[in-house]
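Have a look at the structure below before the remarks.
The values are calculated or read from the model by the stated rules, or taken from the named source; none is laboratory data. Predicted model, so just to flag it, every value in this text is computed and none were measured. Please note: Cβ atoms are built from the backbone with ideal geometry, for glycine as well, and neighbour counts cover all protein chains shown. Areas reflect the complete protein model, heavy atoms only, side chains present, ligands, DNA and RNA absent. Shrake-Rupley method; radii C 1.70, N 1.55, O 1.52, S 1.80 Å.
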Amino acid sequence: MSEEVNLKIAKLCADAYKSTYGEKGILPRDLNTYQSQKFLIFNKKMSNNNRDLQEYIKSLKVNVLYFKELGDAINNCICDSIKTRNIPEKDKSEENFLEIQNRLKTQIESETIENNNKVKVYDQNNKNNDEKRKALQYDYMFFDIYTTILYCLYLVVSINKNKLDSLYDVNSVELSKSINNICYGYTKMYLAGELL
């Protein structure tokens with residue numbers, strides 16, 4: 001990809017990142033507030049599973065898988081929209097996002113989590129349940145933030161569709177990879193407490 005294209009993608013992703021937090025954003029501006037909110041969710045999930053660590057881990061796997069699949073689906077929507085030059089209006093992008101969420105919730109609830117390669121890795125890479133729990137809680141937060149940034153990017157693309165000419169001929173795989181890498185970077189920045 002050319003330097004111009006890389007800069008255009010980076011600018012769109014930066015705009016998306018800036019719109020994820022703050023007064024009008026989806027995420028709180030303060031990382032401690034975000035983490036406190038998530039740990040309340042984790043405690044509630046643990047209580048809902050009668051404090052059974054195995055069941056709690058299973059529920060975290062369901063959520064992490066959901067966020068991973070959601071991220072892939074949003075990235076595909078962004079790249080497909082750009083590739084086909086059929087970029088939806090903001091309202092339609094929001095509607096598409098809700099449809100994706102609903103489809104994935106139904107799909108993942110009916111899937112057998114233990115046989116999914118995207119979550120098997122937690123059993124393979126962690127020696128005990130406490131390590132699994134910590135890894136899953138971190139990834140829950142990571143992919144929650146990541147999908148929020150991607151969602152905001154989808155909206156930014158919709159709002160800026162008249163400025164995307166240089167992206168129309170970019171290879172979809174390269175475009176997807178670039179968006180993924182930049183949004184991962186911004187996710188790490190948010191988790192480090194670094195805002196733009």
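Go through the range 55-64 residue by residue and turn each phi into a ³J(HN,Hα) via Karplus (6.51, -1.76, 1.60, θ = phi - 60°); whole Hz please, and just put x for glycine and proline.
Those phi angles translate into 5, 4, 4, 4, 5, 5, 4, 4, 5, 5 Hz.
With +1 on each Lys and Arg Cβ and -1 on each Asp and Glu Cβ, and nothing else charged, work out how big the dipole of the chain is about its Cα centre, in Debye to the nearest 20.
380
Angle, helix 31-48 long axis vs. longest principal axis of the chain, Cα atoms, 0 to 90°, nearest 10?
The angle comes out near 40 degrees.
Per residue, what accessible area does the range 1-74 have, given a 1.4 Å probe and all protein chains present, in Å²?
With the other protein chains kept in place, the range 1-74 gives 55 Å² per residue.
Keeping all protein chains in place and using 1.4 angstrom, which order do E95, E23 fall into by accessible surface area, from largest down? It would help to have the intermediate numbers written out before the result.
Numbers: E95 90, E23 190 Å².
Greatest to least solvent exposure: E23, E95.
Carbon and sulfur together cover what percent of the accessible area of the chain at a 1.4 Å probe radius?
On the way: 4920 of 10480 Å².
That fraction is 47 percent.
Long-range amide H contacts for Y21: which residues qualify at under 5 Å (H placed 1.01 Å from N, peptide plane, sequence gap of 5 or more or a different chain)?
I26, L27
Given Cα pairs under 8 Å that are at least 6 residues apart, what percent is the relative contact order of the chain?
40
Can you find, among I26, F42, I78, the residue sitting farthest towards the positive end of the charge dipole of the range 1-84, where Lys and Arg contribute +1 and Asp and Glu -1 at Cβ?
Of the options given, the answer is F42.
Tell me the angle of helix 172-191 to the major Cα principal axis of the chain, expressed in degrees between 0 and 90 and rounded to the nearest ten.
For helix 172-191, the angle is close to 60 degrees.
With contacts defined as alpha carbon pairs under 8 Å and 6 or more residues apart, what's the relative contact order of the range 1-99 in percent?
Taking the mean separation of contacting Cα pairs over the length of the range 1-99, I get 8 percent.
Helix 90-110: angle to the longest alpha-carbon principal axis of the chain, degrees 0 to 90, nearest 10?
30
Which entries of K68/K163; K18/K90; K44/K120; K61/K177; K61/K90 have Cα-Cα distances beyond 21 Å here?
Working: K68/K163 29 Å; K18/K90 17 Å; K44/K120 24 Å; K61/K177 24 Å; K61/K90 31 Å.
The pairs that break the limit, which is 21 Å between Cα atoms, are K68/K163; K44/K120; K61/K177; K61/K90.
With contacts defined as alpha carbon pairs under 8 Å and 6 or more residues apart, what's the relative contact order of the range 113-196 in percent?
RCO, the range 113-196: 33 percent.
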